[in-house]
Amino acid sequence: MNKSTPQTGWSNKAGTAARACRCQTWKQHWINFADQPWPRQCSVQPCTKGPTVGAHVFHADVRGEQIVPMCASCNMLSGKFELKSEVCLVSANQAETCAA
Ligand SMILES: [Zn+2]
Ligand SMILES: [Zn+2]
């Protein structure tokens with residue numbers, strides 16, 4: 001994650017399950033555009049579960065929705081949470097990624 005990117009204050013974007021892009025899944029979307037392999041741990045601090053989904057997250061100070069690897073239970077968090085500093089954010093905006 002970029003040094004200027006905030007780690008705290010992230011939220012899950014609800015109602016994104018039905019969305020799709022040409023990568024088939026949002027996990028695959030993250031894999032296609034992250035410059036690193038799928039991580040062993042969930043992106044949410046301090047969760048140590050294995051991530052299974054590419055989750056839509058957003059932050060008041062960050063432009064656009066982002067995809068991060070998450071476990072199924074963190075993907076259902078309704079409040080704000082913290083992301084680990086090593087997390088790679090991938091834009092969920094298809095015009096900037098797979099539809100570009
Ligand atoms: Zn995609
Ligand atoms: Zn988790």
Within the range 5-55, the residues that are aromatic (Phe, Trp, Tyr) and free of Cβ contacts under 8 Å to residues at least 40 places away in the same chain are Trp38
Here's a check for you: in the range 73-98, which residue that is acidic (Asp, Glu) and under 14 Å from the mean Cα position of the chain (by Cα) is surrounded by the fewest Cβ atoms within 10 Å (Cβ to Cβ)? Glu86
I need a count of the residues in the range 58-100 that are of a type in the set (A, V, I, L, M) and within 16 Å of ligand 1 (Cβ to nearest atom). 8
In the range 17-30, anything crowded, with 17+ Cβ neighbours inside 10 Å and either under 13 Å from the mean Cα position of the chain (by Cα) or within 16 Å of ligand 2 (Cβ to nearest atom) (or both) is listed as Trp26, Lys27, His29, Trp30
Given the criterion under 13 Å from the mean Cα position of the chain (by Cα), assigned to a loop (DSSP other than H, G, I, E, B) and not small (Gly, Ala, Ser), identify the matching residue among Pro39, Pro69, Pro6. Pro39
Out of (1) in contact with a strand residue (DSSP E or B) (Cβ under 8 Å, 6 or more places away or on another chain); (2) part of a helix (DSSP H, G or I), what's the single condition that is false for Cys88? (2)
With respect to the numbered conditions (1) surrounded by 17 or more Cβ atoms within 10 Å (Cβ to Cβ); (2) within 11 Å of ligand 2 (Cβ to nearest atom); (3) without any contact (Cβ under 8 Å) to a residue 60 or more places away in the chain; (4) more than 12 Å from Met1 (Cα to Cα), which one is the sole condition not fulfilled by Val68? (4)
Within the range 75-86, is even one residue away from ligand 2 (no atom under 13 Å from the Cβ), hydroxyl-bearing (Ser, Thr, Tyr) and more than 21 Å from Arg19 (Cα to Cα)? yes
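The numbers here are math on the coordinates, done by the rules we state, and not lab data. These figures come from a predicted structure and were not determined experimentally. Neighbour counts are summed over all protein chains in view; Cβ atoms, including those assigned to glycine, are modelled from backbone coordinates with ideal geometry.
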